[in-house]
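Just so it is clear, none of the values below were taken in a lab; they were calculated from the coordinates. All values reported here derive from a predicted model rather than from experimental measurement. Methodologically, a virtual Cβ is constructed for each residue, glycine included, from the backbone with ideal geometry; neighbour enumeration extends over all protein chains shown.
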Amino acid sequence: MLEITGLSKTFAAGTVNQHTALDGINLTLRDGDFVTILGSNGAGKSTLFGAIAGVFWPDQGHIRLNGEDITYQPEHRRARKIGILFQDPMKGTAPDMTIAENLALAYTSGRRFPLARALQKKDVAYLRDQLATFGMGLEDRMKMKVGLLSGGQRQAMTLLMATVARPSLLLLDEHTAALDPATAETVLGITTRIVKEQRLPTMMITHNMRSALELGNRTLMMERGRIILDIAGEERAHLQVEDLLRLYSGREGKALDNDRMLLND
Amino acid sequence: MTLFVGSLQLGLMYGLLAMGVFISFRILNTPDLTAEGSFTLGVAVSAVVTVAGAPWLGLLVAFGCGMVAGAVTGLLQTKVGIHPILAGILTMSALYTVNLAVMNASSNVSLIGKETLFQQLFAALPGLGKDGVRLLVGLALALITLMVLNWFFRTHAGLCIRATGNNEAMVRSSSINTTVMKILGLAVSNGCIALSGAVIAQVQGYADISSGIGILVVGLASVIIGEAVFGRRGVGVGLVSAIVGSVLYRILISLALSTNIFPTYFLKLISAVIVAVALSLPTVKIELQKRRIRREGRTHA
């Protein structure tokens, strides 16, 4: 369970470039929650992820994960509990290392004696089986360097790496936006399966309004560092993209502005 | 033949240096200037401990001291946030004083008349002859270090170091402490470099404060020559290719010198040119490709 209270962050405070990226965010995610997040450019979506993952410290507020206050915990310490994927498929894997080595790194991290052999038969067999469920044929190329894979394959691998060590939270920052539509569909399919199997609390930033409403059980809309819309359950089930746009302009008094927003694809 | 045997002996001993440079340059992806200081540190420590009567211990102590030197650079890079190149320069500069202190404020230490590990082995294995013993020591040290490093970079810690050098952004968002990994990597790298200095001091029979000048370029040249032969592949092949590159480098240098084209003092210039040319090859390839495209574009216009 993730609890965020009063989270604020202002960048370049006191200069002409002062920018309030987060403005008193309150948010609670229960186990099994799959939240999709929409918002225009600069609404604070990625900044929210940055604060949760520990890329920077917030000015105010607290972040608790399963009861533990992680607000000021070093990035690598909380990374054990938080899996994160970015838009750029190159960010999540080491290109000069093999598929098996990349996966083993994520799977055994922090649980092994540092001088134990990294690739142990049992682990590799397990990782191979997990990879086989993706249906991409990657399981037969465990000794191949990751740099030789396509963006979609690398993103699928990153997804496995982010979830294989059973984290308590999964953050997806437009993780399919750089992929072609068919590959994006595949990676989204794998995502929903893993999230469902592990009942893993998940937050997904997307610019695709249709998938924001179709995937998961709850949708947030952010604007100027605040959550302006939080819908779930019955209300969300009947919502159409047009309704969402109407809700937005009703609250904000202007049309939604995101240069990459997909209304329907 | 003597030229070849001599190159092989020295090449294997400098192969330890080449592996150390391979670790910083290719695995950690930072050219680490600490090498210039840590090599001399190995030379100095080994000579002083040999004078005290323990040549084998000299190698071990040198390795340990080299690791400390590398760790200092690592700390400066990570905890203090100093640019990697500058961090290396600072440690290298500081080591100059340290090395003089190790050699009791003298700029050289002679091992003539002292019992080096080579003297011990000449006496123990008279059948091999002096060249045979030097070859055996070079081969044994290179192989043992190669095997240990090859094992180390396949352990969990080794994998973490490799990932840190390969994609730091990924490692930072995973649960690996990149600070620790960089420090550890630089420590192992400089340990190998100091070990190389340690054995060189004993084979040449003296320690000199300027032994390390230009040594990073020698290491880089070896790594690059090795890659020209083996290509850029995994860690195991990379380490082997560093040793082979080091031997080839020695052969090239001694050939160049024996033909009397260059006087001896040209050595460092030649090494620098080899490295500069090798590192410029990718850019040159791209430029040539661009030219070809432009030429073809014009002929079709």
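Overview of values
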{"read-out": "Pairwise label distance in nanometres, B:L267 with A:R111, each label 7 Å out on the Cα-Cβ vector", "value": "5.3 nm"}
{"read-out": "C-alpha long axis of helix B:267-300 to longest principal axis of chain B, angle in °", "value": "10 degrees"}
{"read-out": "Between the stretch A:78-128 and the stretch B:215-274, the Cα center-to-center distance that results, in Å", "value": "35 Å"}
{"read-out": "Folded to 0 to 90 degrees: helix A:121-132 orientation relative to chain A principal axis, Cα", "value": "50 degrees"}
{"read-out": "Restricting the stretch B:71-144 to trypsin sites (Lys or Arg not before Pro) in coil, as DSSP defines it, with at most 15 other Cβ within 10 Å", "value": "B:K79"}
{"read-out": "Residue mean of other protein chain beta carbons inside 10 Å, B:178-186", "value": "1"}
{"read-out": "Length released on extending from B:M147 to B:E287, taking residue separation times 0.36 nm less the Cα-Cα span", "value": "46.4 nm"}
{"read-out": "Value of [θ]222 nm, deg cm²/dmol, for chain B, DSSP H segments ≥ 4, -39500 (n - 2.57) each, nearest 500", "value": "-26500 deg cm²/dmol"}
{"read-out": "Number of partner chain Cβ atoms within 10 Å, mean per residue of A:98-108", "value": "3"}
{"read-out": "Neighbour count of at most 16 Cβ within 10 Å plus DSSP loop: longest chymotrypsin sites (Phe, Trp or Tyr not before Pro)-free window in chain A", "value": "A:73-265"}
{"read-out": "Neighbour-count order for A:S249, B:S254, B:S189, B:S271, fewest beta carbons within 10 angstrom listed first", "value": "A:S249, B:S254, B:S271, B:S189"}
{"read-out": "FRET efficiency, A:S8 to A:A237 (Cβ-Cβ, R0 25 Å, nearest 0.05)", "value": "0.15"}
{"read-out": "Cα-based helix-to-principal-axis angle, B:84-102 vs chain B, degrees rounded to 10", "value": "10 degrees"}
{"read-out": "FRET efficiency estimate (nearest 0.05) - Cβ-Cβ, A:N26 to B:R233, R0 60 angstrom", "value": "0.70"}
{"read-out": "Cα-projected label distance for B:A169 with B:A101, points at 7 Å along beta-carbon direction, nm", "value": "4.2 nm"}
{"read-out": "Rounded FRET efficiency, nearest 0.05, which uses the C-beta distance separating A:A182 from B:I213 and R0 of 45 Å", "value": "0.15"}
{"read-out": "Mean separation of Cα contacts under 8 Å (6+ apart) over length of chain B, as relative contact order %", "value": "35 percent"}
{"read-out": "Ranked packing of A:141-151, B:210-220, B:17-27, most packed first, by mean Cβ within 10 Å", "value": "B:17-27, B:210-220, A:141-151"}
{"read-out": "Peptide B:146-156, shielding by other chains (average Cβ, 10 Å cutoff)", "value": "3"}
{"read-out": "Neighbour-limited loop hits for trypsin sites (Lys or Arg not before Pro), the stretch B:216-301 (at most 16 other Cβ within 10 Å; DSSP other than H, G, I, E, B)", "value": "B:R232, B:R233"}
